[in-house]
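Worksheet: the structure to be examined is printed underneath.
The values are calculated or read from the model by the stated rules, or taken from the named source; none is laboratory data. Nothing here was measured: the structure is a model prediction, and the numbers come from that model. All Cβ positions, even for glycine, are placed from backbone atoms using ideal geometry, and neighbour counts span all protein chains on display.
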């Protein structure tokens, strides 16, 4: 029973002790809270960047797959590349023109 009374009394006194913080304790708490807020913002930014990086990786994979498919189609068609203008070849390489008609 004594321990229960002691615990209840201690629980009632602790919040009051927290209210009587020294100015340096208050400043230290503010510094810690500000650092926590900055760290939370950095972590949120890192999450956004990770998501953007994953999407960019997916786009890069698709670009490689498209290039492989276009390359295979050109080789399979055995096109007369010598008769094409340089502009047409450049457009095919830049993915601005159909590889095979």
Check your understanding: Among the residues of segment 10-32, which ones are surrounded by 10 or more Cβ atoms within 10 Å (Cβ to Cβ) and either in contact with a helix residue (DSSP H, G or I) (Cβ under 8 Å, 6 or more places away or on another chain) or at pLDDT 65 or above (or both)?
Key -> 21, 25, 26, 27, 28, 29, 30, 31, 32
Exercise for review: Could you tell me whether residue 31 is more than 20 Å from the chain's Cα centre (by Cα) and in a helix (DSSP H, G or I)?
Suggested key: yes
